[in-house]
Number of protein chains: 2
Amino acid sequence: MILKAVFLGLEAGGKAVAAMNVQDAERLGVLSLARITILFNGVEQAAIVHSSTELMQPGCIGVCRKVWTGLGLKEGLDVEVEIATFPDSLYFIRNKLNGRKLAYDEILEIVEDTVKEKLSDVEISAFVTALHSFGLDLDEATNLSMAMFKTGSSMKLDREVVVDKHSIGGVPGDKTTLLVVPIIAACGLTIPKTSSGAITSPAGTADRAKVLMPVDLNMAEMQEVVVKTNGCIVWGGSVHLAPADDIFVKVEYPLSIDPLLLPSIMSKKKAVGANLLVVDIPCGRGAKVKTIGEADLLAKDFLEIGSRLGIKVRCAVTYGEQPIGYAVGPALEAKEALQALMGRGSPLDLIEKATDIAGMILELAGKSDGKRIAAEALRSGKAEQKMREIIAAQGGDPKITPEEIAIADHQFTFQSDRSGHMLWINNSLVADLARLTGCPKDSGAGMLIHKKIGDAVDKGEPLFTIFAQRSANLQRALDRLDGLKIMGVGDRMEMLIHEVRERPVIKRSFALDR
Amino acid sequence: MILKAVFLGLEAGGKAVAAMNVQDAERLGVLSLARITILFNGVEQAAIVHSSTELMQPGCIGVCRKVWTGLGLKEGLDVEVEIATFPDSLYFIRNKLNGRKLAYDEILEIVEDTVKEKLSDVEISAFVTALHSFGLDLDEATNLSMAMFKTGSSMKLDREVVVDKHSIGGVPGDKTTLLVVPIIAACGLTIPKTSSGAITSPAGTADRAKVLMPVDLNMAEMQEVVVKTNGCIVWGGSVHLAPADDIFVKVEYPLSIDPLLLPSIMSKKKAVGANLLVVDIPCGRGAKVKTIGEADLLAKDFLEIGSRLGIKVRCAVTYGEQPIGYAVGPALEAKEALQALMGRGSPLDLIEKATDIAGMILELAGKSDGKRIAAEALRSGKAEQKMREIIAAQGGDPKITPEEIAIADHQFTFQSDRSGHMLWINNSLVADLARLTGCPKDSGAGMLIHKKIGDAVDKGEPLFTIFAQRSANLQRALDRLDGLKIMGVGDRMEMLIHEVRERPVIKRSFALDR
């Protein structure tokens, strides 16, 4: 079929797409998402068809930049259009849609075609949904980890032991990594840590670290930092460890499912060359994992996949019923972490958690009495010194003091209207509120919690303070607080949680950090 | 967040989409497929975000035509961008992803938001995939039928009894509808038939009918034809009975799944006001439904959903091991059907099938001895006369003769290289071959089969003839035939079907007509 070429602006994320009128598509015998070959001047380009009654006039074919430049087209020139076959990977996806188990080379082909943009969003969505619906067994999860690792870039460190830690997240204020990395590096182990920025939370580890130093290093720069200091804290987005994951996560996010969580995490650990790994699974009603049973099931899968990938894994199921430490928000948290490294302030739960996890890593690496060694690295100032080395190596100011970290000006403190004890803190409301103050975009925004679960509270005592860089954001957070309780102070539990009068729209969503 | 507006060409099928740089999206706290609100000059527009590192520079937001004109934007102007919430329908889809049953108003909201383009392709794909993976029960199928009916246009005929027929297709050359509609209308019943064009087959009923008369009537024109003649054969694409289905089918096609088959068919029958329906389920190894057991299960669902929708349904499980009649291809089939209506030629299986199905419809409407009445309407010429009335009412030439129907010039006839009986005909190879000759685009192309299963064949006797309008297409079909057997002549079955030496890529796909 001969059609006139028309240039299309948007590129659907680098995919080779073409738009045809429904009439032409029917005459060619294709529906939307079929594959066509476009021929011009002896050159062929494959494309995914979108058919529409409005977008394209009959007799014309709209072509994205990729195909346009590939063929060297000009507006209005005639091109020959033919039906092409679907890629084999789509047939493998169809098998999974029918509940079949996928073999390694089938999985590799799906992941490769995903990265090469040969599969449409609809097809990738169906793949992810089918993995969620039918589940993936440990063979498939292992194979997916390997395929995602093979299609990404990886680090080659000449070290026998490389360790890593990972938290699936979900607890606001969890700056544990900012302590664990320097503790471990100070103890002589290599820990090339990559982290993500916040997506639905007030701050990710990359956001916190960015307050102290540049985090958008490329692979060569990251490797140099690690060789020099034994550690680093780098934003994962800039090192492209698992490009397939960046595509899969875009599908999982609106659907609030994450069948690829384990392969995603493990492929990236494999990519930095880790052979020892501790995974933190915070557990609590307000966290992502609600029960210890759930946490143990997840831990079991991490251990098993790790052993198949040659990574020795231990999991830490940790208390996640309230924020870690007192600070929530990039700058407030960076400040609290730096103070903790310097032996100032007393965020006991933060120090407890950091030394627990660092201790597990040290024991996994063969040292005995890991927690004591970790605590000593912290107490002696070696961890602080190591952190300043890492800051310098990543291009930050190694002399940075907690006082220099800018916190937002606009503040408001909430007082308790009764006496008693702090009974509960609602993690997701804390996160919502901190985001409304401007986190993670406004790094100085966020909140400080003054009382934690179990603390005695007098009437009129401050419960928490919110910080915003712009007064409009402070007001927005105050409006949101009106009528909502984010903490409970009292002497006894109130037994009625809430009343259901009409069919509720269940909006709970989750996204485990990866 | 303030960003500069940039105009995007492609519109992703009328959806309100916006493109942001990954950095800006992260700072705003959104991932791809999140919802944002774009504000300009006091006007708000909702949009689905696509984030990309290449497509959009930091500080800019690309906006599709829908949003661009809605806001009255100009290149480079500042717009305010805010996070918006996901539509409720997405939360309902998430419930289905977790295996929950959907209630009617949840389904209605999903279907409405699909038609209003509020859901992304990824989300619609997940919905369809989840329906496929978890299955949908009869309540959900009924509710989906109602929701698809409510979101489309419908016909209001002032008749107590309105009948319809539907075939799920899969057998080449099945021109049964071209006989059933005039037989039924001639017997005084009302049959407002809509049909689809071919997608993966050589000809759909709409393609066949188009050889005899215009078929792209709108709803008002179709209604007029039915009031005047009791019947019609109209292309479903021009009457918009179930716009949601047009969207769902685009997702189902590449995935080769069709969980929405029954709701799709039943919603359209409801939309034309049918209260009696006969569904033809061709059954055979080369058809879409392979076994009689499968056919019966499908039939059971049709009956049950019909009864819930107030449509009395009967199903005809029919023989589908070979083409119906002798002709395959729009013009060849229209010619054969017209000849059969005129009492010429002897496609016995076609006449048998048409009178079987017409008879079932008549009996469903309360007449006894339906098949005899149908055969009499055909024999007496009343059906032919009615067909000519319908042709005239739809704007065709009522005096059309079989000789006037143009058949392609380029022909090639295959002879049998042995004597024996016709043992089998491979339906899907027949369809492939007919498409290679140019069907359905070249209406005069296709093939004529000279021997059918059970016929005695002498060595050198013609088995089939292929027709093409362009010699290149004839050659393409001949090349394809080289080494392939589409029919088997012999005295005994060969027992070895084929040998599997390495892991095969299973490419079997199907799409039931709807």
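When the stretch A:171-194 is limited to residues that are small (Gly, Ala, Ser) and buried (at least 24 other Cβ atoms within 10 Å of the Cβ), the one that is farthest from A:Arg285 (Cα to Cα) turns out to be A:Ala186. In the stretch A:56-90, which residue that is hydroxyl-bearing (Ser, Thr, Tyr) and surrounded by fewer than 20 Cβ atoms within 10 Å (Cβ to Cβ) is modelled with the highest pLDDT? Here the residue is A:Thr69.
A count restricted to the stretch B:177-209 and to residues that are part of a helix (DSSP H, G or I) and either closer than 19 Å to B:His166 by Cβ or assigned by TED's automatic domain parsing to the domain that holds B:Met447 (or both) stands at 14. Does B:Leu496 satisfy the criteria of being free of Cβ contacts under 8 Å to residues at least 24 places away in the same chain and either assigned to a loop (DSSP other than H, G, I, E, B) or more than 16 Å from B:Pro323 (Cβ to Cβ) (or both)? The answer is yes for B:Leu496. In this entry, B:Thr229 is excluded by the filter for residues that are under 27 Å from B:Arg308 (Cβ atoms), of a type in the set (Ser, Thr, Tyr) and at pLDDT 90 or above. Out of curiosity, is A:Gly320 at pLDDT 95 or above and either assigned by TED's automatic domain parsing to the domain that holds A:Ile425 or under 21 Å from the mean Cα position of the chain (by Cα) (or both)? Against the criterion (at pLDDT 95 or above and either assigned by TED's automatic domain parsing to the domain that holds A:Ile425 or under 21 Å from the mean Cα position of the chain (by Cα) (or both)), A:Gly320 does not qualify. Restricting the stretch A:424-454 to residues that are more than 28 Å from the chain's Cα centre (by Cα) and at pLDDT 95 or above, the residue that is nearest to A:Ala337 (Cα to Cα) is A:His450.
Conditions tested, residue by residue: (1) of a type in the set (D, E, K, R); (2) surrounded by fewer than 19 Cβ atoms within 10 Å (Cβ to Cβ).
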| site | (1), (2) |
| --- | --- |
| B:Ser346 | no, yes |
| B:Ile351 | no, no |
| B:Ala354 | no, no |
| B:Glu363 | yes, yes |
| B:Lys367 | yes, yes |
| B:Lys371 | yes, yes |
| B:Glu376 | yes, yes |
| B:Gly381 | no, yes |
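Among the residues of the stretch A:203-243, what is the count of those that are among the hydroxyl-bearing types (Ser, Thr, Tyr) and surrounded by 24 or more Cβ atoms within 10 Å (Cβ to Cβ)? Count: 1. When the residues of the stretch B:262-286 are narrowed to those that are modelled with pLDDT of 90 or more and surrounded by fewer than 21 Cβ atoms within 10 Å (Cβ to Cβ), which ends up farthest from B:Gly366 (Cα to Cα)? In this case the residue turns out to be B:Gly273. In summary, B:Gly488 fulfils each of the numbered conditions (1) out of contact with any strand residue (DSSP E or B) (no Cβ under 7 Å at 6 or more places or on another chain); (2) in contact (Cβ under 8 Å) with a residue 60 or more places away in the chain; (3) over 15 Å from B:Thr413 (Cβ atoms) with the single exception of condition (1). For B:Val163, the conditions (1) touching a strand residue (DSSP E or B) at 6+ places or on another chain (Cβ under 7 Å); (2) assigned to a loop (DSSP other than H, G, I, E, B) are fulfilled apart from (2).
Okay, residues lined up against (1) in a helix (DSSP H, G or I); (2) touching a residue at least 24 places away in the same chain (Cβ under 8 Å):
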residue: A:Ser368; (1), (2): no, no
residue: A:Met387; (1), (2): yes, yes
residue: A:Ile390; (1), (2): yes, yes
residue: A:Gly395; (1), (2): no, yes
residue: A:Gln411; (1), (2): no, yes
residue: A:Phe414; (1), (2): no, yes
residue: A:Ser428; (1), (2): yes, yes
residue: A:Ala434; (1), (2): yes, yes
residue: A:Pro440; (1), (2): no, yes
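Being at pLDDT 95 or above and touching a strand residue (DSSP E or B) at 6+ places or on another chain (Cβ under 8 Å) is a property that does not hold for A:Met387.
Residues are listed down the side, and each one gets a yes or a no for (1) touching a Pro at 6+ places or on another chain (Cβ under 7 Å); (2) closer than 21 Å to B:Gly188 by Cα; (3) modelled with pLDDT under 95:
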{"residue": "B:Lys300", "(1), (2), (3)": "no, no, yes"}
{"residue": "B:Arg308", "(1), (2), (3)": "no, no, no"}
{"residue": "B:Ile311", "(1), (2), (3)": "no, yes, no"}
{"residue": "B:Ile324", "(1), (2), (3)": "no, no, no"}
{"residue": "B:Pro330", "(1), (2), (3)": "yes, no, no"}
{"residue": "B:Ala334", "(1), (2), (3)": "no, no, no"}
{"residue": "B:Gly366", "(1), (2), (3)": "no, yes, no"}
{"residue": "B:Ala374", "(1), (2), (3)": "no, yes, no"}
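Of the numbered criteria (1) within 14 Å of another protein chain (Cβ to nearest Cβ); (2) buried (at least 24 other Cβ atoms within 10 Å of the Cβ), the one B:Thr200 fails is (2).
Might you let me know whether the stretch A:114-127 holds any residue that is closer than 21 Å to A:Met266 by Cβ, away from chain B (no Cβ under 12 Å), under 26 Å from the mean Cα position of the chain (by Cα) and not in a loop (DSSP other than H, G, I, E, B)? Yes, the stretch A:114-127 contains a residue that is closer than 21 Å to A:Met266 by Cβ, away from chain B (no Cβ under 12 Å), under 26 Å from the mean Cα position of the chain (by Cα) and not in a loop (DSSP other than H, G, I, E, B).
Test A:Ser238 against the criterion of being farther than 16 Å from A:Ser167 by Cα and in contact with a Lys or Arg (Cβ under 6 Å, 6 or more places away or on another chain), and give yes or no.
No.
Could you go through the stretch A:443-451 and let me know if any residue there is closer than 17 Å to A:Gly320 by Cα and assigned to a loop (DSSP other than H, G, I, E, B). Yes; the residues of the stretch A:443-451 include at least one that is closer than 17 Å to A:Gly320 by Cα and assigned to a loop (DSSP other than H, G, I, E, B). Of the strands (runs of 3 or more DSSP E) that lie entirely inside the stretch A:1-91, those containing 3 or more residues that are under 26 Å from B:Asp245 (Cβ atoms) and among the aliphatic types (A, V, I, L, M) span A:17-21, A:43-52.
Remark: pairs (first residue in the stretch A:136-154, free of Cβ contacts under 8 Å to residues at least 40 places away in the same chain; second residue outside any helix (DSSP H, G or I) and crowded, with 22+ Cβ neighbours inside 10 Å; Cβ separation under 7 Å; 6+ apart in sequence or on different chains) = A:Glu140/A:Leu102.
Residues are listed down the side, and each one gets a yes or a no for (1) of a type in the set (Val, Ile, Thr); (2) within 14 Å of chain B (Cβ to nearest Cβ); (3) more than 13 Å from the chain's Cα centre (by Cα):
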{"site": "A:Val162", "(1), (2), (3)": "yes, no, yes"}
{"site": "A:Gly169", "(1), (2), (3)": "no, no, no"}
{"site": "A:Pro182", "(1), (2), (3)": "no, no, yes"}
{"site": "A:Ala242", "(1), (2), (3)": "no, no, no"}
{"site": "A:Val249", "(1), (2), (3)": "yes, yes, no"}
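Here the stretch B:65-92 is the region considered, the condition is being away from every other protein chain (no Cβ under 11 Å) and among the small types (Gly, Ala, Ser), and the residue that is farthest from the chain's Cα centre (by Cα) is B:Gly76.
The residues in the stretch B:128-158 that are part of a loop (DSSP other than H, G, I, E, B) and either buried (at least 20 other Cβ atoms within 10 Å of the Cβ) or at pLDDT 95 or above (or both) can be counted, and the count is 3. Strands (runs of 3 or more DSSP E) fully within the stretch A:227-330 that include at least 2 residues being of a type outside the set (Phe, Trp, Tyr) and over 28 Å from B:Thr53 (Cβ atoms): A:276-283, A:312-319.
For the stretch A:93-104, does any single residue satisfy the condition of being within 27 Å of A:Leu8 (Cα to Cα) and within 13 Å of chain B (Cβ to nearest Cβ)? Checking the stretch A:93-104: not a single residue is within 27 Å of A:Leu8 (Cα to Cα) and within 13 Å of chain B (Cβ to nearest Cβ). In the set (1) over 23 Å from B:Ala18 (Cα atoms); (2) within 8 Å of another protein chain (Cβ to nearest Cβ), A:Gly62 fails one condition alone, (1).
The values are calculated or read from the model by the stated rules, or taken from the named source; none is laboratory data. The model shown is predicted, which means the values in this text are computed figures rather than measured ones. Don't worry about glycine lacking a Cβ; one is built from the backbone with ideal geometry, like all the others, and counts go over all protein chains shown.
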